[in-house]
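One structure is given here, and the rest of the page talks about it.
Bear in mind that the values in this text are calculations on the coordinates, not laboratory data. Because the structure is predicted, anything quoted here is derived from the model rather than measured. Virtual Cβ from ideal backbone geometry, glycine too; neighbours counted across all protein chains shown.
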Amino acid sequence: MIRFEGVTKNYNEFTAVNDISFHAEKGEILIILGPSGCGKSTTLRLVNRMVERTGGNIQIRGRDIDTYDQVELRRSIGYVIQSTGLFPHMTVGKNISVVPNLLKWDEERIKDRAIEMLQLVGLDHNVYWNKKPSELSGGEAQRIGVARALASDPDILLMDEPFGAVDPINRLRLQREFMRIQQKLHKTVLFVTHDVDEAILLGDRICLMDQGRIVQIDTPEKIVMNPLNEFVESFFKGEGALTLLSRRSVCDAVEKVEFSGKTISPDASLKDAVGIMLSTGEERLSTCGGSISWDGILRMMRGDLK
Amino acid sequence: MNRKILALSGILSALFLNMAETKPNRIASGIDQDSFDFLGPWVYLLLAAWVMVMTLSFYKGKQKETFTLITGILVPISLLLGVFYFPGKGYLSGASPRISLSIGFYTQLLLFYLLVSGIELPKRNLRWILPAFLFVLAAGLFLMAMTGYLKNYSLMKEYLVKRSQFFTHLGTHAVLSIGSTVSAALMAIPLGYLAYRRSSLEGRIMVPLSIIETIPSLSLFGLLLVPLSTLGGIGLFRAIGVSGIGWAPAYVALTLYALLPIARNTLAGFEALEPAVIDAAQGMGMTRSEILRRVELPLALPVVFTGIRIALVQTIGGAVLAGLVGGGGLGSFVFLGLAEASQDLVLLGVIPIVVITVLVDGGLKILEDMYRRSVYD
């Protein structure tokens, strides 16, 4: 869906992006992860030509992005930024409706779509439609940013540290909501972040960058368990493995063994389960019509990684 | 300003400064009237008001500000009562007798203004008191003037003699002020936007405008004299009255002076826009003109509007100078009065300008606040 071949971006003497090649499959969330200044935001902005590349090819949907008219290109791609960039003089309803408006959809369709988007991000349109951005909390504003980006139903979504400015509790909430939305919509997403846990939780694959180059692209499991070099290894440290557990529901490791002791909700992740086992000393928890055990979890994780 | 000093000044000026002069005709000097003469029994009301203000300044308490305001209002009330009372005293004699207000009267007004501008009312819903009072006062004065009660005052006499000219000059003044502000806005807003879009041009636009601002008005008229009189030789321009003197140099000078505040505020208004908002607008696929129309302009407009308000207020005052070059306007009275040594003729020009400035500034500020709230809330 999105293909980079030998792409470079130079700013006079400084090379921000150095000969990178990768592709993002249709319907996958590709995380672009890296330390500050590694070129991840620049890479993202090369896709919608907010930054023009110096060399190499970029294709989306099989077409070179230069063959699109710049404005037409951007209207076909959803764009979410960290500070939301909501228009302060427009109501929530009008903010969400911006791109459909630019595309000249008719009024009824725009309004229906905007209401649908608000519902999608979990907000009551009766409450939020006429609010102004100044009345919103950080989490609400970011949800509306996402709703706005999805309004014209683009197949590609570019997200630049979208949940970075939100407090940790709400960030987790937003990440979970986003996963739920993605399961429904299957957009192709390029997601920039510097947060390792977020990358492991959300990504189908992670593209780790450093100083303008791609160091490794792999699934979270492979990149954590089989790092290509010391940089990758130290980036994910030991906690990477723990965060991998957050990707799996407890039901993924369920055994048909009855247990009448402590229970855990079937909505919990394996990471939650391990946390409870550690703090209570239990080696088995009842859930998902059976139970899960410490040994079982370990076996499952190692089995995944072979 | 320290209230005790204000109150003390109020008392001392009431006791020692003259409030008015009765003159037998326009030019001759007359007999001074002190506060006791002019206000009659109401002088005690005036003195009592200042004594109360002084006393209140020693107390602390929630109601202090409100009571000080109410007491302060007694000052213009006593002056008004005096204005009403004094003509009845029969001091007037001569061919064209008149009462001319003097320094004691105006000092009381000044002290009143200083007093109320320093009062901060504790509760928002009491803030109607002062504007309401001023409105009633103005209405009262207007009624008195219409029904002839003020006919013995020299200011009124000047007005009555020059009545038709007054309205002509008022009209010219308005047209000159509004016309030059609008012309300046048409040029300065695009210039300010240009300076915002290309930072390389910012210096080249703003610096000349700043330099223009520093040219003294008389020098500017001098500079315009030759070009405009040359221009006035050409048919079309001669037909509309362009020449080295008259309305044309005034109009051009006022427009030039109004350029800076409007351009500077336009630039500031656009620069205050959050970069993230512009970034989002671009990333979503708005064309440059869509960004300007749908995002930049609505958000920058409140600040641009402030610039226009500042320019208009500045121009209303500046238009006085048109009177110097025969361009009409209320300045004609000012300079004529200076030439004839008639204080009241000067005031006939100045007082309307002050009143109009206050009304325009206050009125536009209210509109500005309303607009700003509708944008952001």
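Counting only cysteine Cβ atoms and a cutoff under 4.7 Å, chain A contains unmatched residues A:CYS38, A:CYS207. With a 10 Å cut-off around each Cβ of A:77-89, the average count of Cβ atoms from other chains is 6.
Listed by chain and number, the lysines whose C-alpha is less than 17 Å from the C-alpha of A:LYS222, apart from same-chain residues fewer than 8 away, are A:LYS237, A:LYS306.
When B:SER332, B:SER243, B:SER199 are sorted by how many other C-beta atoms sit within 10 angstrom of their C-beta, beginning with the fewest, the order is B:SER199, B:SER243, B:SER332. Between amide H atoms placed 1.01 Å from N, distances below 5 Å from B:TYR153 occur with B:ILE99, all of them 5 or more places distant or on a separate chain.
Straight Cα distances below 20 angstrom link B:LYS62 to the aspartates and glutamates B:GLU120, with same-chain residues fewer than 8 positions distant left out. Given the pairs A:LYS40/A:LYS111; A:LYS131/B:LYS123; A:LYS9/A:LYS187; A:LYS111/A:LYS184; B:LYS4/B:LYS365, which are separated by over 24 angstrom at their Cα positions? In this structure, A:LYS40/A:LYS111; A:LYS131/B:LYS123; A:LYS9/A:LYS187; B:LYS4/B:LYS365 lie more than 24 Å apart at Cα. For the modelled label position 7 Å from the Cα of B:ILE27 along Cα-to-Cβ, which residues of the stretch B:319-352 have backbone nitrogen atoms closer than 14 Å? Counting backbone N atoms under 14 Å from the label point, the list is B:339-343. Put simply, the amide H of A:GLU282, placed in the peptide plane, has no neighbours under 5 Å, leaving out anything fewer than 5 places away on its chain. With R₀ set to 22 Å, the beta-carbon distance separating A:ASP19 from A:PHE231 gives a calculated FRET efficiency near 0.80. Estimated from helical segments only, the mean residue ellipticity of chain A at 222 nm is -11000 deg cm²/dmol, where each DSSP H run of four or more residues counts as -39500 (n - 2.57).
Between the Cα long axis of helix A:270-280 and the first principal axis of chain A there is an angle of about 40°, rounded to the nearest 10. Secondary-structure-derived ellipticity at 222 nm for chain B, considering helices only, amounts to -24000 deg cm²/dmol, per-run term -39500 (n - 2.57) for DSSP H runs with n ≥ 4.
Length available on full extension from A:PHE259 to A:ASN130: 0.36 nm per residue minus the Cα-Cα distance, which gives 41.3 nm. Which one, B:ASP361, B:ASP279, B:ASP37, has the greatest fluctuation when you compute a Gaussian network model over chain B with C-alpha springs under 10 angstrom? Looking only at B:ASP361, B:ASP279, B:ASP37, the biggest GNM fluctuation is shown by B:ASP279. Hydrophobic long helices, here whole DSSP H runs in chain B with Kyte-Doolittle means of at least -1.0 and Cα atoms spread over 27 Å or more along the helix axis, are found at B:64-85, B:163-197, B:247-271, B:297-318, B:343-376.
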